[in-house]
Amino acid sequence: MERKEKVVFVTGAARGIGKEICLEMAKEGYDISLNYRTKTDEVEELKKKIENFGVKCTIVQGDVASYEECEKMINQTVEELGKIDIVVNNAGITKDGLLMRMSKEDFTDVIDINLVGTFNVTRNVIPLMVKQKSGRIINIASVVGVAGNAGQTNYSASKAGIIGFTKSLAKEVSSRNILVNAVAPGFICTDMTKDLPDNLKETINTQIPLKRMGTPEDVAKVVKFLASEDSSYITGQVIHVDGGMLM
Ligand code: NAI
């Protein structure tokens, strides 16, 4: 695939869905700015893999929960790759527990990273996109942001917040040729879900019409579509990638 000379900034890109989004987009010819929070050897390996597709890659370290660090990461990306065409707000955490026992920190940490993190990145990139009169923002939500889930009041509130944020921003920036959409994955095999007990995974599978958990590729391919010209009439939408779990 030829280099598109378009730049994608992906948060929480060191592993899981974020990593797969980087690889899928690099394969398609996009230059990649990949954010990670905690240093691992995997990030350097991922950079090499991305560059093997013949595209440019830069690594930006920082915590999406910090507004200042997001500002720095966006500036560094523009300095090194020239611009930002697409943002994928993927970084996210869970701190599950019943509300009766949930600490205030467990609630606010999840909101600060998942929801405020999405604001911090987007707020710093939108002025650039307005200036260049084009852009795509793709936010990774979750089906639990739509349906709710016992034990995840913090996480589902953050993801429902992301959905409201997506729709409102889509209306604000549509006249500037900036499209804003969300992807709502169901159960995807990553580090986030690997510790679920096997019997729970079995039960989950029986509730999924397609009878399997999703893969990071399943999500990355939809992100690739939402970044492409093929989706130029889609904005403010939440695309469920969940094997039919929620209809
Ligand atoms: P993961 O735990 O493998 O990856 C999350 C990444 O975000 C990690 O690389 C982590 O270091 C990074 N991250 C966490 N806090 C950060 C911060 N403050 N700043 C920068 N990076 C940070 O999880 P997975 O499954 O790849 O999740 C990716 C996204 O998909 C998340 O937003 C998650 O909520 C969402 N999702 C995942 C589902 C699943 O079943 N795995 C289902 C629905 C949504």
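Which pairs have Cβ atoms under 9 Å, sit 6 or more apart or on different chains, and link a residue in segment 8-23 that is at positive phi and hydroxyl-bearing (Ser, Thr, Tyr) to one that is modelled with pLDDT of 95 or more and not in a loop (DSSP other than H, G, I, E, B)?
Final answer for the pair search is none.
What tally of residues in segment 160-184 results from selecting those that are within 13 Å of the chain's Cα centre (by Cα) and open to solvent by less than 10 Å² (accessible area, probe 1.4 Å)?
Count: 7.
Take GLY151 and decide whether it is assigned to a helix (DSSP H, G or I) and either within 15 Å of ILE86 (Cα to Cα) or open to solvent by less than 50 Å² (accessible area, probe 1.4 Å) (or both).
no
Determine whether GLY117 is modelled with pLDDT of 95 or more, surrounded by 22 or more Cβ atoms within 10 Å (Cβ to Cβ) and farther than 22 Å from THR193 by Cα.
Here the answer is no, as GLY117 does not meet what is asked.
Residue under question is LYS27, and the condition is that it be out of contact with any Cys (no Cβ under 8 Å at 6 or more places or on another chain), over 17 Å from VAL87 (Cβ atoms) and open to solvent by 40 Å² or more (accessible area, probe 1.4 Å); does it hold?
yes
Conditions tested, residue by residue: (1) in a loop (DSSP other than H, G, I, E, B); (2) near the ligand (Cβ under 10 Å from one of its atoms); (3) open to solvent by 30 Å² or more (accessible area, probe 1.4 Å).
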residue: ARG3; (1), (2), (3): yes, no, yes
residue: GLY12; (1), (2), (3): yes, yes, no
residue: THR38; (1), (2), (3): yes, yes, yes
residue: PHE53; (1), (2), (3): yes, no, yes
residue: THR58; (1), (2), (3): no, no, no
residue: GLU68; (1), (2), (3): no, no, yes
residue: VAL78; (1), (2), (3): no, no, yes
residue: LYS95; (1), (2), (3): yes, no, yes
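Which of the residues that make up segment 14-23 are within 16 Å of GLU217 (Cβ to Cβ) and open to solvent by 10 Å² or more (accessible area, probe 1.4 Å)?
Residues satisfying the conditions are ARG15, GLY16, ILE17, LYS19, GLU20, LEU23.
Which one of the conditions (1) modelled with pLDDT of 95 or more; (2) more than 11 Å from the ligand (Cβ to nearest atom) does VAL241 fail to meet, given that it meets all the rest?
Exception for VAL241: condition (2).
Of all the residues that make up segment 198-233, how many are within 15 Å of the ligand (Cβ to nearest atom), part of a loop (DSSP other than H, G, I, E, B) and over 16 Å from the mean Cα position of the chain (by Cα)?
4
Which condition number does ALA91 fail, the rest of (1) touching an Asp or Glu at 6+ places or on another chain (Cβ under 8 Å); (2) within 15 Å of the ligand (Cβ to nearest atom) being met?
(1)
Would you be able to tell me the number of residues in segment 216-234 that are of a type in the set (S, T, N, Q) and open to solvent by 50 Å² or more (accessible area, probe 1.4 Å)?
1
The values are calculated or read from the model by the stated rules, or taken from the named source; none is laboratory data. Computed from a predicted structure; not experimentally measured. Don't worry about glycine lacking a Cβ; one is built from the backbone with ideal geometry, like all the others, and counts go over all protein chains shown. Just so you know, the surface numbers come from the protein's heavy atoms only, side chains and all, with ligands and any DNA or RNA stripped out. Shrake-Rupley method; radii C 1.70, N 1.55, O 1.52, S 1.80 Å.
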